[in-house]
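Asker: Starting off with a structure, shown below.
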Amino acid sequence: MIPVTLRITLIFAVISYFVFILYYLKNKMLELKYTLIWLAAGLVMIVLIAFPELLMTFVAFFGIESNMNGLYILVLAFIIMTLMTLTSIVSRQNLKIRILVQELSILEKRIRELENGE
């Protein structure tokens, strides 16, 4: 079981986390679709703080020896999922930028041809 003082500290930390994410969203430093990834992470943290039995059930189901090892595995899996999501977003943005640069180059070439032709 989580001690009361630790639980209160963790709740305060997660609330601070939510305030930080919403501040970024408000100041348009982070788009809504990307904010949802981080808000989902916060919800998972809140659920694990509110119901630590879920972690114990997860640990027992997979036969992991200690709760801390199970927590590390969950955190590592969540970090990998977040990194994969963000990597896919970056890859799509990179493709869009490449296409825009190519279109811009074609348009600049066309403008030069029109200026030289007239």
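Bear in mind that the values in this text are calculations on the coordinates, not laboratory data. The structure presented is a predicted model; accordingly, all values stated were derived computationally and were not measured. No Cβ is skipped: glycine too gets one built from the backbone with ideal geometry, and neighbour counts run over all protein chains shown.
Asker: Which of Gln93, Val47, Ser16 sits closest to the plus end of the dipole of the chain, meaning its Cα is farthest towards the positive end, when Lys and Arg get +1 and Asp and Glu get -1 on the C-beta?
Answerer: Checked the options; the winner is Ser16.
Asker: What helices does the chain hold that run 20 Å or longer along their axis, going by alpha-carbon atoms, with a Kyte-Doolittle average of 0.0 or more, using DSSP H for the helix calls?
Answerer: Helix filter hits for the chain: 4-26, 32-50, 67-117.
Asker: Something else about it: Radius of gyration and Dmax for region 1-50's Cα atoms, expressed in Å?
Answerer: In order Rg, Dmax, the Cα atoms of region 1-50 give 12.3, 39 Å.
Asker: Of Leu32, Phe62, Gln102, which is farthest on the positive side of the dipole of the chain, counting Cα position, with +1 on Lys and Arg Cβ, -1 on Asp and Glu Cβ, and the Cα centre as origin?
Answerer: Leu32
Asker: Take the chain, drop everything but the C-alpha atoms, weight them equally and run the Debye formula without solvent; then report log10 I(q)/I(0) at 0.13, 0.15 Å⁻¹ to two decimals.
Answerer: With no solvent term, the Cα-only Debye profile gives -0.71, -0.85.
Asker: Given a Förster distance of 35 angstrom, what is the FRET efficiency for Ser105 paired with Leu43, based on the Cβ-Cβ distance and rounded to 0.05?
Answerer: 0.20
Asker: Now for a different question. Can you list, largest first and rounded to whole Å, the semi-axes you get for region 67-118 by taking the square root of 5 times each eigenvalue of its Cα gyration tensor?
Answerer: 50, 5, 4
Asker: Report the charge-dipole magnitude of the chain in Debye, nearest 20, computed about the Cα centre from +1 at each Lys and Arg Cβ and -1 at each Asp and Glu Cβ.
Answerer: Working: 10 positive and 8 negative charges, 31 e Å.
Dipole magnitude for the chain comes out near 140 debye.
Asker: Tell me, what is the percent relative contact order of the chain, built from C-alpha pairs under 8 Å that lie six or more residues apart? Working shown, then result.
Answerer: Details: 32 pairs, mean separation 20.5, N = 118.
The value is 17 percent.
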